[in-house]
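Report on the following structure.
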Amino acid sequence: MPARLHEGETTMTELNLNRRRVLGGALGSLVAGAAATAAHASPIKPEHFDETYDVVIVGSGFAGLSAAYEAVKKGVKKILILEKMEAWGGNSALCGALMCMPLTKMQKAKGIEDSPELLVKDMMAAGRGFNHPQLTLTMATEAAKAFDMLTECGVEFQDKVIRLGGHSAPRAHLPKVPSGGSITVPMHQWLKQKGVEFRNRANVHELVMVEGECRGVRVTLGYDWHTDEGRREAAIRARKGVVVATGGWGQDNEFVTATQPAYAQLECTAQPGATAEMIKAMLAAGALPVMLDMFQLGPWASPDEKGAGPGSFFADYAFGEGMAIDPKTGKRFMNELADRRTRAEAQLKVLEKGTKENPNYPFCFCSEETTAHAEGFKAAYREGTVKKSDTVEDLAKLHNVPLDALKASIAEWNEIVAGKKEDPFKKPLDVRTELKPPFYSMRLSPKLHYCMGGAAITTKAEVMSSQTCRPIPGLYAAGEVTGGVHGMDRLGGCSSVDCFVFGRIAGAQVAARKA
């Protein structure tokens, strides 16, 4: 990269060649290679920066917006949020916006017994004990404050709290329209009114490091992700520090394959911009990596829709009030409300019974009563992901299931709902719904959904150095680009809260830092 950017623009050919060197160098040896790159980083003097801000935030999703919110509340005046894509919000804008927060005003008003400690217990169980305990505890204890932040920014909530898989209590809150855009849009508007500057099509590809301190970013402006090219390069100074909030890299097949070859062929639920530029940039700056080979598979995904569409929302309700069936046996094969890793692994075992020519897709289904309040149902049914069966015979024919076995499974379920029989899978029943026709079903096939690993951070959202295992001055990170909060696997509704909590912490910490 050129040291004196103010003297003239780099050609796009030079830019792409240089960028490939920077990004490619981070993969060879994730710790040693990153440290070596950091040691040879080109210094840049303040007068060589094209622009200067107090705080630069990379990423405009939940974590980035929360960091900006807290920095504004702490009195920071000059804040810049950089977004690589044309649209704002990243994966956050597209998610179902389920937020699992214990002890909110709404949860208390409904008399639900819960605690941060219980959430920690659930998260540690899902994470198989690989969680970094203090990070998990920080998320759980600070979660309820996110509800107040969102309310202040104008987010409106539905008057209900539901239970998601792996959770010991109903603690999932939903915005009035169950989409991440119901959160990113009002937060974006609130921040713009406070003077925060947003710039899209700005692809940050390098952190500017001077004497071990993060001083800013190098960015391609006018970036087009279709062609991986842009108009020009700029260096932007961050007087107080940089917050990286760019999410995961599930769409970066090269990086996924390099870290976890077993998932090379899996479809991903993320938006196209979910690539690895910033995890590579942090590694190149000397960040300590955590579990980069760990990924979560979404157990509510379907082969009949691209990514995670409305069917994934519907599946949560079908799991809670209906059942999942192995077509080969006509029987249930899992606790439909277990944690995501448990359910995904159970589904993969069912899929292994099929062939490419004759796949054995597990399916979930519920009664019409459930569809009346299931988010995503209308769209999923309209698009054909969810299908209606007027009789049990029709359902068996649709999924090629032994009829007698399917009838027996439905009869057993209805006995469980009626309290006449104990569920062998120990599924919690917050709503007891009898299964009766017409039935609504959806085929299941896990998809790569979440990057469990990332850059190591402290409880103050400081990025840790692989050289010293101490914070890198001026560099903060929050959300999916970090690792450790959730361990090997995360619970539904916890990613958003992770972003809110550590985004706010990052914003507060960078605001307090002396320029």
TODO: Could you let me know the centre-to-centre spacing of region 424-440 and region 325-388, using Cα atoms, in angstrom?
DONE: 14
- [ ] Can you check what the net charge comes to around Asp159, using other residues whose Cβ is under 13 Å from the Cβ of Asp159 (Lys, Arg +1; Asp, Glu -1)?
- [x] +3
Task: Of Lys74/Lys514; Lys378/Lys407; Lys77/Lys514; Lys331/Lys388; Lys73/Lys160; Lys108/Lys420, those spanning more than 23 Å from alpha-carbon to alpha-carbon - done: Lys378/Lys407; Lys73/Lys160; Lys108/Lys420
TODO: Could you tell me which of the pairs Lys84/Lys105; Lys387/Lys447; Lys110/Lys436 are separated by over 27 angstrom between their Cα atoms in the structure shown?
DONE: Lys84/Lys105; Lys110/Lys436
TODO: Among Asn414, Leu119, Ala324, pick out the residue whose Cα is farthest towards the positive end of the charge dipole of the chain, where Lys and Arg carry +1 and Asp and Glu carry -1 on C-beta, about the Cα centre.
DONE: Leu119
Open item on the list: If you restrict to DSSP beta bridges whose two residues both lie in the chain, what percentage is antiparallel, to the nearest 5?
Closed with: 70
Open item on the list: Roughly how far apart, in whole Å, are the Cα centres of region 443-470 and region 480-504?
Closed with: 9
Task: 3J(HN,Hα) from dihedral phi, region 389-394, Karplus parametrisation 6.51/-1.76/1.60, rounded to Hz, x for glycine, proline - done: 10, 6, 9, 5, 5, 5
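Quick one: dipole size for region 45-147, taken about the Cα centre, charges +1 on Lys/Arg Cβ and -1 on Asp/Glu Cβ, in debye to the nearest 20.
320
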TODO: Taking the dipole about the Cα centre of the chain, with the C-beta of Lys and Arg at +1 and of Asp and Glu at -1, give me whichever of Thr104, Tyr263, Gly59 is farthest to the positive side.
DONE: Thr104
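Using only C-alpha positions, report the orientation-averaged shadow area of the convex hull of region 308-411, nm², one decimal.
For the Cα atoms of region 308-411, the hull's average projected area reads 6.6 nm².
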Open item on the list: Taking the Cα centre as origin and putting +1 on Lys and Arg beta-carbons and -1 on Asp and Glu beta-carbons, what dipole magnitude results for the chain, to the nearest 20 debye?
Closed with: 860
- [ ] Report, by chain and number, residues whose modeled amide H sits under 5 Å from the one on Phe157, excluding near sequence neighbours (fewer than 5 apart, same chain).
- [x] Lys176
Task: Phi to ³J(HN,Hα) by Karplus 6.51 cos²θ - 1.76 cosθ + 1.60 over region 225-230, Hz, x for Gly, Pro - done: 5, 5, 9, 6, 9, x
Open item on the list: Just to confirm my numbers, what's the Cα centroid distance between region 202-243 and region 108-142 in Å?
Closed with: 35
Open item on the list: Can you find, among Leu448, Pro170, Leu429, the residue sitting farthest towards the positive end of the charge dipole of the chain, where Lys and Arg contribute +1 and Asp and Glu -1 at Cβ?
Closed with: Pro170
TODO: Classify region 143-267 as rounded, prolate or oblate from the Cα gyration tensor: take a ≥ b ≥ c as the square roots of its eigenvalues, call it rounded if a/c is under 1.5, otherwise prolate when a/b beats b/c and oblate if not.
DONE: oblate
Task: Burial order of peptide ranges 80-91, 278-289, 439-450, 459-470 (average beta-carbon count within 10 Å, highest first) - done: 278-289, 439-450, 80-91, 459-470
Task: Long-range amide H partners of Val386 with built H, under 5 Å - done: Tyr381
Task: region 415-515 - charge dipole about Cα centre, Lys and Arg +1 at Cβ, Asp and Glu -1, debye rounded to 20 - done: 140
Task: Relative contact order, percent, the chain [alpha-carbon distance under 8 Å, six or more residues apart] - done: 24
- [ ] Could you please report the charge total around Pro178, scoring K, R as +1 and D, E as -1 over all other residues with beta-carbon less than 13 angstrom from its beta-carbon?
- [x] 0
TODO: Write down the accessible area per residue of region 379-515 in Å², having rolled a 1.4 Å probe over the full set of protein chains.
DONE: 39
Task: Cβ-based net charge around Gly483, under 12 Å, with every Lys or Arg adding one and every Asp or Glu removing one - done: -2
Task: Residues whose placed amide H lies under 5 Å from that of Phe198, excluding near-sequence neighbours - done: Ile81
Task: Rounded percent of accessible protein surface that carbon and sulfur make up, the chain, 1.4 Å probe - done: 50
- [ ] Please go through the residue pairs Lys192/Lys306; Lys192/Lys240; Lys176/Lys460 and name each one whose alpha carbons sit more than 23 Å apart in this structure.
- [x] Lys192/Lys306; Lys176/Lys460
Task: Estimated vicinal HN-Hα couplings, Hz - region 187-203 in sequence order (Karplus 6.51, -1.76, 1.60; Gly, Pro = x) - done: 5, 4, 5, 4, 5, 4, 5, 8, x, 6, 9, 10, 9, 9, 6, 10, 9
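The values are calculated or read from the model by the stated rules, or taken from the named source; none is laboratory data. What you see is a predicted model; the values in this text were computed from it and never measured. When we count neighbours, we look across all protein chains shown, and the Cβ atoms used for this are built from the backbone with ideal geometry, even at glycine. These accessible areas exclude ligands, DNA and RNA; they are computed on the full protein's heavy atoms, side chains included. Shrake-Rupley method; radii C 1.70, N 1.55, O 1.52, S 1.80 Å.
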